[in-house]
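Engineer: This is the structure I have questions about; it appears just below.
The values are calculated or read from the model by the stated rules, or taken from the named source; none is laboratory data. For clarity, every value in this text was computed on a predicted model and none was experimentally measured. FYI the Cβ positions are ideal-geometry reconstructions off the backbone, even for glycines, and counts take in every protein chain you see.
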Amino acid sequence: MQKDRKIALLIDCDNASHQAVDGVLNELAKYGVTNIRRAYGNWKTPNLKGWEDQLHPFAIQPMQQFAYTQGKNATDAAMIIDAMDLLYTQQIDAFALMTSDSDFTPLVMRILTSGLTVYGFGEKKTPSPFVNACSQFIYTENLLAAADHDDAEENGGQLHKKSRNELRGDAALVKLLRNAAEQTAGEDGWSNLGPVGQYISNTASFSPINYGYRKLSELIRASELFHVEMRNNNKVMYIKDCRKN
């Protein structure tokens with residue numbers, strides 16, 4: 001079962017915001033148990049103070065890495081070595097890399113060749129090669145915004161989500177959604193949303209959170225690109241391209 005999947009979270013503290021770690025762990029809880037949590041950096045430096053305060057509350061193991069040579073990123077090397085050790089010595093089902101550094105792109109590709117999922121978390125400045133290499137990549141700014149929205153909802157506020165026109169104006173998103181629906185459609189032209197989501201995951205680094213939505217079903221409804229039909233006692237969503245009769 002998915003809830004039993006074991007996930008290893010490796011954090012590049014030099015290139016990740018400590019404010020987003022709560023959102024990252026909440027997101028990973030949807031996919032399994034994050035039983036390995038390691039944060040890498042030189043803990044002797046004052047710039048990791050924010051991260052230091054997050055270690056105990058979130059049961060994250062600090063991994064000390066001194067900068068032996070100025071100008072060289074020893075943290076990257078330590079994370080890569082540990083990731084490969086975990087890949088070969090532990091029964092891990094997925095990796096989560098929290099970083100905005102594209103230097104980890106080859107590591108992602110190597111893990112993928114072993115059949116494991118790689119979840120990426122980083123800021124919007126993260127270079128596209130790393131974003132696209134991950135099985136799923138979520139911008140940490142969106143996780144922070146989602147947390148703020150939860151607080152706002154408790155006080156009567158509304159979630160800020162991309163509008164229908166904004167979603168339809170994203171040509172890459174529209175193409176991805178329509179192609180996924182077409183490739184998973186039955187003879188009647190309707191597609192079960194489950195296989196649609198799986199097809200998207202196998203095709204692109206995608207998360208509805210990056211568009212302001214918790215679930216794919218919410219994004220689908222907001223886009224108004226598809227007819228929507230609920231089946232099996234209103235438990236299963238089926239969709240059909242609005243361009244088709």
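Engineer: I need the full set of residues from segment 99-142 which are more than 21 Å from V21 (Cβ to Cβ) and touching a residue at least 60 places away in the same chain (Cβ under 8 Å), in order please.
Structural biologist: If the condition is that a residue be more than 21 Å from V21 (Cβ to Cβ) and touching a residue at least 60 places away in the same chain (Cβ under 8 Å), then N132, A133 are the ones that fit.
Engineer: Right, something else. So which residues in segment 231-245 are surrounded by fewer than 10 Cβ atoms within 10 Å (Cβ to Cβ) and more than 29 Å from the chain's Cα centre (by Cα), if there are any at all?
Structural biologist: Passing the criteria: N232, N233, R243, N245.
Engineer: Follow-up question, since we're still on this one. So in segment 8-43, with the set limited to residues that are surrounded by fewer than 17 Cβ atoms within 10 Å (Cβ to Cβ) and touching a strand residue (DSSP E or B) at 6+ places or on another chain (Cβ under 8 Å), which one is farthest from I92 (Cα to Cα)?
Structural biologist: The qualifying residue farthest from I92 (Cα to Cα) is N42.
Engineer: Still on this structure, please answer the following. K49: in a loop (DSSP other than H, G, I, E, B), closer than 20 Å to D76 by Cα and assigned by TED's automatic domain parsing to the domain that holds F104, yes or no?
Structural biologist: no
Engineer: For K175, indicate whether it is outside any helix (DSSP H, G or I) and more than 16 Å from the chain's Cα centre (by Cα).
Structural biologist: no
Engineer: Moving on. Can you pull out the residues in segment 180-209 that are surrounded by fewer than 20 Cβ atoms within 10 Å (Cβ to Cβ) and either in a helix (DSSP H, G or I) or assigned by TED's automatic domain parsing to the domain that holds E27 (or both)?
Structural biologist: Residues satisfying the conditions are E182, Q183, G194, P195, G197, Q198, Y199, S201, N202, T203, I209.
Engineer: Go through (1) at pLDDT 90 or above; (2) out of contact with any helix residue (DSSP H, G or I) (no Cβ under 7 Å at 6 or more places or on another chain) for N202 and report which single condition fails.
Structural biologist: Here N202 clears every test but (1).
Engineer: Sticking with this one: A77: at pLDDT below 90, assigned by TED's automatic domain parsing to the domain that holds K6, surrounded by fewer than 17 Cβ atoms within 10 Å (Cβ to Cβ) and assigned to a helix (DSSP H, G or I), yes or no?
Structural biologist: In short, yes.
Engineer: Can I ask one more? In this structure, is A39 assigned to a helix (DSSP H, G or I), within 14 Å of T99 (Cα to Cα), of a type outside the set (D, E, K, R) and assigned by TED's automatic domain parsing to the domain that holds L86?
Structural biologist: Here the answer is no, as A39 does not meet what is asked.
Engineer: Right, next: Tell me whether segment 221-228 contains one or more residues that are of a type outside the set (A, V, I, L, M, F, W, C) and either part of a helix (DSSP H, G or I) or touching a Leu at 6+ places or on another chain (Cβ under 8 Å) (or both).
Structural biologist: Yes, segment 221-228 contains at least one residue that is of a type outside the set (A, V, I, L, M, F, W, C) and either part of a helix (DSSP H, G or I) or touching a Leu at 6+ places or on another chain (Cβ under 8 Å) (or both).
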